[in-house]
């Protein structure tokens, strides 16, 4: 008789896995934790974060299958038997992880968070953004996820490199491996992406000693960036906060917490410190302009040729309506038309609309075979007044 399968999904719902296993291996008996009726019959365990003591009850276990990409929930299990450990490789999971890594790299490279602050505050300034070919991205952990992320970043133009314990080659990606290659890898890295598995050797690796070895001469023009897409145990959060406060790091993206779920007080404390520090740095480096010169609030010039119209906003002080509609760089010839329209929003009709409206009325009036009555004349005067631009009404 074929060996039975034990399914223990931990916090995940078991129903989808039960259906998939019965469809793929109908000849094997399936036992779902904690309802294990015959432990001796179990040959294979399909698990995710199983409770302690599960494997001790399975004397004839031949292999353990992790239902996720990570195996750290098994590595730290007590009484883990000496059997093969198999992890799931899912193309959808790989694609989603690569998307998240690329998103975070681009957010820091294009300084999107700083632009978000400018948008909320209602003023505009252009920030330096180096070309992707000048930015060095390093990926720690060149497994399935790391290799895919490094390859996509390389295709986007970044100078990608990878580090792993053993040699790993990806076309177009500079390779480092072993303890001997780690320092050289960190020295050439402006943005560090961590996709290492959590093991006793890698726990707490994202700490101040590692941060101080990252590049200081990068094209980003500020401290290096770290992106942790791995487990929370890889990072030391107190060191990350301290490194951001003293300038050792220029930014960080964390997909996880050191303790999960993180205490609410801890989440708010760290977030507030990071927000306050970024706001202080932002104000020191870019003082706000005189509020009297903010876009959309410029003084009128009485008696001048443009009397009654708002001045064109300063480059650093675009009106809020422009920031909301044109937050990203203008890409077509209609963008300037939108800006002008928003700036001169007090005018109900443009001169072009005024002229075309009068022409349309005259053409309709001339085509009429009857003579204009007094009511027609009144309608004509009303239409001209409605179509007249603000300057003509003075």
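The values are calculated or read from the model by the stated rules, or taken from the named source; none is laboratory data. In this text, all values refer to a predicted model and were calculated from it rather than measured experimentally. Here Cβ is always computed from backbone atoms with ideal geometry, including for glycine, and neighbour counts include all displayed protein chains.
Go over the candidates 101, 89 one by one and state the one that is closer than 20 Å to residue 214 by Cβ and either loosely packed, with under 14 Cβ neighbours inside 10 Å or assigned by TED's automatic domain parsing to the domain that holds residue 167 (or both). Working first, answer last.
On the way: 89 fails: closer than 20 Å to residue 214 by Cβ.
The unique qualifying residue is 101.
Please tell me if residue 176 is assigned to a helix (DSSP H, G or I), assigned by TED's automatic domain parsing to the domain that holds residue 109, surrounded by 22 or more Cβ atoms within 10 Å (Cβ to Cβ) and modelled with pLDDT of 95 or more. Steps first, answer last, please.
Details: assigned to a helix (DSSP H, G or I): no; assigned by TED's automatic domain parsing to the domain that holds residue 109: yes; surrounded by 22 or more Cβ atoms within 10 Å (Cβ to Cβ): yes; modelled with pLDDT of 95 or more: yes.
No.
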Restricting segment 137-149 to residues that are in contact (Cβ under 8 Å) with a residue 40 or more places away in the chain and part of a helix (DSSP H, G or I), the residue that is surrounded by the fewest Cβ atoms within 10 Å (Cβ to Cβ): 144
Go through segment 11-67 residue by residue and tally those that are at pLDDT below 90, under 20 Å from residue 84 (Cα atoms), in a loop (DSSP other than H, G, I, E, B) and more than 39 Å from the chain's Cα centre (by Cα). 1
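Output the residue which, of all residues in segment 242-270 that are touching a strand residue (DSSP E or B) at 6+ places or on another chain (Cβ under 7 Å) and assigned to a loop (DSSP other than H, G, I, E, B), is modelled with the lowest pLDDT. First the steps, then the outcome.
Going residue by residue through segment 242-270, those that are touching a strand residue (DSSP E or B) at 6+ places or on another chain (Cβ under 7 Å) are 244, 249-256, 258.
Next, only the ones that are assigned to a loop (DSSP other than H, G, I, E, B) stay: 249-250, 255-256, 258.
Working: 249: 95, 250: 93, 255: 92, 256: 88, 258: 83.
Among them, the one singled out is 258.
Report, by residue number, each residue of segment 232-246 that is in contact (Cβ under 8 Å) with a residue 12 or more places away in the chain, surrounded by fewer than 23 Cβ atoms within 10 Å (Cβ to Cβ) and either closer than 24 Å to residue 96 by Cβ or out of contact with any helix residue (DSSP H, G or I) (no Cβ under 9 Å at 6 or more places or on another chain) (or both).
232, 233
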Before we move on, is residue 77 in the same structural domain as residue 150 (by TED's automatic domain parsing), closer than 20 Å to residue 231 by Cα and buried (at least 17 other Cβ atoms within 10 Å of the Cβ)? no
Exactly one condition in (1) closer than 24 Å to residue 134 by Cβ; (2) touching a residue at least 24 places away in the same chain (Cβ under 8 Å); (3) out of contact with any helix residue (DSSP H, G or I) (no Cβ under 6 Å at 6 or more places or on another chain) is false for residue 171; which is it? (2)
Pairing a residue in segment 16-27 that is in the same structural domain as residue 46 (by TED's automatic domain parsing) with any residue that is surrounded by fewer than 13 Cβ atoms within 10 Å (Cβ to Cβ) and not in a helix (DSSP H, G or I), where Cβ atoms lie under 7 Å and the two sit 6 or more apart in sequence or on different chains, gives 27/2
If residue 207 meets every condition in (1) over 23 Å from residue 98 (Cβ atoms); (2) buried (at least 16 other Cβ atoms within 10 Å of the Cβ); (3) touching a residue at least 40 places away in the same chain (Cβ under 8 Å) apart from one, which number is that one? (3)
Return the only residue of 220, 192 being in a strand (DSSP E or B), assigned by TED's automatic domain parsing to the domain that holds residue 163 and out of contact with any helix residue (DSSP H, G or I) (no Cβ under 6 Å at 6 or more places or on another chain). 192
Considering segment 87-106 alone, what residues qualify as being out of contact with any helix residue (DSSP H, G or I) (no Cβ under 7 Å at 6 or more places or on another chain) and either farther than 21 Å from residue 189 by Cβ or not in a helix (DSSP H, G or I) (or both)? 87, 88, 90, 91, 92, 93, 95, 96, 99
